Amino acid sequence: MSTLSFSNAALDVLAIAAHRDDVEQTCGGTLLKMAQRGRRTGILDLTQGEMGTRGTAEDRAREAEEAARILRVSWRQALDIPDGRVENTFENRLKVARVIREQRPRVVILPYWKGRHPDHYTASMLGYEACFLAGLAKLDFRLARATSAANSAEESASLRAGRPQDAGATKLPPHRPFKIIYATLYYDVRPTFVVDITELFETRFQALMAYKSQFSDQEAGKDLFPAQAEIRARIEAIARFYGLLGGVTYAEPFLQKEVGLVEDLTLIPVKSI
């Protein structure tokens with residue numbers, strides 16, 4: 001695992017995604033906007049990105065650190081879940097639940113639960129269930145070691161004897177985020193709301209371009225990736241589309257499962273006609 005951290009204070013917003021650069025594409029502008037407003041933001045990448053057509057896990061680690069700096073992220077970590085094989089197992093849920101307890105986010109952003117890439121939609125369900133598990137007071141994180149196929153005989157014996165292997169995580173107080181929202185940019189679904197990133201579009205784009213291994217012109221993946229000259233046009237077109245829905249220039253789309261609560265009808269944003 002690799003970690004970028006600047007404080008031990010609780011996070012206000014934690015974005016969880018399968019791969020390094022997913023967050024930058026789907027909600028990077030929103031994280032930057034929250035940081036500018038004094039909120040502590042974080043990113044949890046579930047994988048190292050080792051199966052990507054372009055670049056290496058080491059390349060993407062360096063690029064992710066630079067992108068986090070541009071987006072003013074307070075905390076970032078990449079787990080060791082295999083890239084291309086993000087599975088909603090109990091062990092993986094415990095890995096994410098431990099992060100939820102450690103970072104105590106008020107808001108969690110997850111990928112939308114449908115999409116082209118199996119890692120993306122699996123990360124959605126995995127993240128949601130991990131948020132639930134993190135709130136269980138009696139959750140024992142030592143079970144992750146007990147169910148892992150990689151357990152050594154010595155570790156298994158220690159567990160059977162009641163000797164704690166992960167007592168620190170078990171002692172962390174239970175925590176569930178107050179709000180879970182879904183970044184929908186990877187899937188064609190009408191969002192519940194959009195976040196205005198008009199003033200932040202250029203910086204958001206710079207954060208994405210920090211992934212030089214992914215977005216520079218090269219032979220590898222040339223039939224899968226757009227030419228670098230086309231990337232900005234595509235990113236801008238998508239942001240403009242969602243901005244149009246919200247009556248602004250550029251925006252990022254999100255969905256929430258809950259019904260919204262309104263106190264004053266005269267303060268509801270976005271014109272109807």
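The values are calculated or read from the model by the stated rules, or taken from the named source; none is laboratory data. All values reported here derive from a predicted model rather than from experimental measurement. All Cβ positions, even for glycine, are placed from backbone atoms using ideal geometry, and neighbour counts span all protein chains on display. Ligands, DNA and RNA are excluded from the accessible area calculation, which covers all protein heavy atoms including side chains. Shrake-Rupley method; radii C 1.70, N 1.55, O 1.52, S 1.80 Å.
Quick look at the numbers
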{"item": "Coordinate range along principal axes, alpha carbons of the range 37-149, Å, largest first", "result": "39, 36, 27"}
{"item": "Carbon + sulfur, % of accessible area of the range 41-91 - ligands and nucleic acids excluded, 1.4 Å", "result": "46 percent"}
{"item": "Glu263, Glu50, reordered so the largest accessible area comes first (probe 1.4 Å)", "result": "Glu263, Glu50"}
{"item": "Which of Ser124, Ser272 is most accessible, then next, and so on - probe 1.4 Å", "result": "Ser272, Ser124"}
{"item": "Solvent-accessible surface (1.4 angstrom probe) belonging to Tyr187, in square angstrom, nearest 10", "result": "80 Å²"}
{"item": "Rounded accessible area per residue of the range 1-132, 1.4 Å, Å²", "result": "40 Å²"}
{"item": "Solvent-accessible surface (1.4 angstrom probe) belonging to Phe132, in square angstrom, nearest 10", "result": "110 Å²"}
{"item": "Solvent-accessible surface ranking, highest first, for His117, His19 at 1.4 angstrom", "result": "His117, His19"}
{"item": "Spin-label zone in the range 18-41 - amide nitrogen under 19 Å from a point set 7 Å from the Cα of Lys179 along the C-beta vector", "result": "26-41"}
